[in-house]
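We did not get these values from a lab; they are worked out from the coordinates using the rules stated. Since we're looking at a predicted model, the values are computed, not measured. Every residue, glycine as well, gets a Cβ built from its backbone with ideal geometry; the counts of neighbours run over all protein chains shown.
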């Protein structure tokens, strides 16, 4: 036995009742007004009862119509819920990709990376884990994060390191700072300044001390600042200088907020890599993420 009522009938009655007539109901249902009137007449004929009565140019529900509207709202809401549940059951579970940059809170590559993952792996959601900036390799091994961009050497056999690009240390100063016109900044000149610094890895601290010792220079007064944006703001205000990789401050340099100068005559290079755990590459497309980062030069 074929049912008299169909889902389209329930939507029709609800739209006419809520919009006050067939004209606005037609727009809501993406139908013509004549189609709405025809469907209503057909439904009333099937049921053998009037659902609406015309009162002063407006359709108002009859007792039968009110009863059908109440049922329509309940049934359509339940149908929507079932549809959502079925769609969710068929979807791939979302995976969280926790990412961090060693020492710095600079993520210029993030919009491009997120857009690429949304196209290729829509189930992956990227989240920055700032609390792991100080020791990202240890956080990787603990399972607290999934991917780290680091300049520290990677020696643990359980980690995969994909080289991304070569960079160098830069001394950033305010545009009107007396060092802004120098071709490079020596360790001796750096020792005369207040140095704003991220919480650098041990390898960077050791290299800086070696350079200062080699030039028999004084150690600068170091003030630790956890956020790259804050470091740039302090330097731009002329309150001190900072050491940073070129890529982390390139946008600020391009905008003229600070000036970047090579540190020492020979420069101090460093290699940045994308690092992840071997055993974490199955549920997450970590190799692909590293490949994307290489392509954008991070």
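Some observations on this one:
- Packing, as the average of other Cβ atoms within 10 Å across residues, places the peptides 258-264, 176-182 in the order 258-264, 176-182, highest first.
- Under the criterion of Cα pairs below 8 Å and six or more residues apart, the relative contact order for region 62-162 equals 30 percent.
- Considering only alpha-carbon pairs that sit under 8 angstrom and 6 or more positions apart, the relative contact order computed for the chain is 21 percent.
- When Rg and the Kirkwood radius Rh are both evaluated on Cα atoms of region 141-272, their ratio Rg/Rh stands at 0.98.
- Exposure proxy ranking for 34, 152, based on other Cβ atoms within 10 angstrom of each Cβ and starting from the fewest, stands as 34, 152.
- Global size of the chain: 32.2, 102 Å for Rg and Dmax (C-alpha atoms, Rg to one decimal, Dmax whole).
- Cα principal axis extents for region 75-211, largest first, Å: 77, 41, 23
- For 146, 204, 85, 199, the sequence from fewest to most other C-beta atoms within 10 Å is 85, 199, 204, 146.
- Extension gain, residue 76 back to residue 209 (0.36 nm per residue minus Cα-Cα distance, nm): 40.8 nm
- DSSP beta bridges confined to the chain are antiparallel in about 60 percent of cases.
- Subtracting the Cα-Cα distance of residue 47 and residue 131 from their residue separation scaled by 0.36 nm leaves 23.7 nm.
- Summed over all non-identical Cα pairs, the Kirkwood treatment of region 1-157 gives a radius of 20.7 Å.
- Convex hull of region 7-90 built on C-alpha atoms - directionally averaged projected area, nm²: 5.9
- Residues 184, 107 in ascending order of nearby Cβ atoms (within 10 Å, fewest first): 184, 107.
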